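This is the structure I have questions about; it appears just below.
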Amino acid sequence: MSYTPGPNDIEFTQFLMPHGRRDCVWIERPNNIVKKAAEIRAAGFRFETEMLSDYQTISLTIADDDGDYAVEVVPNGPSVPEAIDRMISSFDPAKTLATKALNG
């Protein structure tokens, strides 16, 4: 059975242990965060998540094929949604693209 994302879901690529197999997960967030996430995705970035090897910590990133541009590392649990909101809210895709262009 496949999951049908809702209007407030943000798609993340999840890297699974032990070999980094990729899966798609959807995380529900408030409208303002979903809107900003859509702007970030439209600029060519993606959202990624991974449980770290201690099985207690989650890494969240905004990335593209060239690298990671925003990172939050938090304990798995209630702090994850707050970290997603913080990471997305503070990310400036236009500034990141301009910096990438300057650095070639």
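Search segment 1-16 for residues that are part of a strand (DSSP E or B) and pair each with any residue that is among the polar types (S, T, N, Q) when their beta-carbon atoms are under 6 Å apart and the residues are at least 6 apart or on different chains.
Once the first residue is part of a strand (DSSP E or B) and sits in segment 1-16, its partners that are among the polar types (S, T, N, Q) give 12/49; 14/49.
Something else about it: When you look at residue 10, is it within 24 Å of residue 100 (Cα to Cα), hydrophobic (A, V, I, L, M, F, W, C) and under 10 Å from the mean Cα position of the chain (by Cα), yes or no? Give the derivation first.
Working: within 24 Å of residue 100 (Cα to Cα): no; hydrophobic (A, V, I, L, M, F, W, C): yes; under 10 Å from the mean Cα position of the chain (by Cα): yes.
Considered against the rule, which asks whether it is within 24 Å of residue 100 (Cα to Cα), hydrophobic (A, V, I, L, M, F, W, C) and under 10 Å from the mean Cα position of the chain (by Cα), residue 10 comes out as no.
I've got another one for you. Might you check whether a residue that is touching a helix residue (DSSP H, G or I) at 6+ places or on another chain (Cβ under 9 Å) and either loosely packed, with under 15 Cβ neighbours inside 10 Å or farther than 26 Å from residue 18 by Cα (or both) occurs anywhere in segment 69-78?
Yes - at least one qualifying residue is present in segment 69-78.
Test residue 54 against the stated conditions and say whether it is more than 25 Å from residue 96 (Cβ to Cβ) and at pLDDT 95 or above.
Taking the combined requirement at face value, the residue satisfies it.
The values are calculated or read from the model by the stated rules, or taken from the named source; none is laboratory data. Fair warning: this is a prediction, and the values are worked out from it, not measured in the lab. Cβ: placed from backbone, ideal geometry, glycine included. Neighbour counts: every protein chain shown.
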